[in-house]
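The next block holds one structure in the form of structure tokens; read it before the comments.
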Amino acid sequence: MNAPTTLERPESIDSPALTAADRCDYCGARAWVRVTLASGQLLFCAHHARENMDALRAVAVSIQDDTHLLVADEAGTAR
Ligand SMILES: [Zn+2]
């Protein structure tokens, strides 16, 4: 019998959709993008996600981009 392999499940891996409680780390607006780094997570509003995306892509483990929901939900009010 194989010994069961217990995978650690850090909370950063288990990422549900962003909600109104998630706030941009820069400005405190509602966050639409979650960037997972080796060291933790950063949240960004659509504005700051766009502004920093090039740099973030270079260092991120994963990027969860929910800005498509913003377009449907708020029709550009957060630009
Ligand atoms: Zn922001």
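Here, each number is a calculation from the coordinates, and none is a lab measurement. A quick note: this is a predicted structure, and the numbers were derived from the prediction, not measured. Reconstructed Cβ throughout: ideal geometry from the backbone, glycine too, with neighbour counts over all protein chains shown.
Round to the nearest 0.05 the FRET efficiency obtained for Ala58 and Arg23 when R0 = 25 Å and r is the Cβ-Cβ distance.
Details: r = 24 Å, r/R0 = 0.95.
After rounding to 0.05, the efficiency reads 0.60.
Counting just the Cα atoms, what span does the range 33-74 cover along each of its three principal axes? Round to the nearest Å and put the largest first.
31, 16, 11
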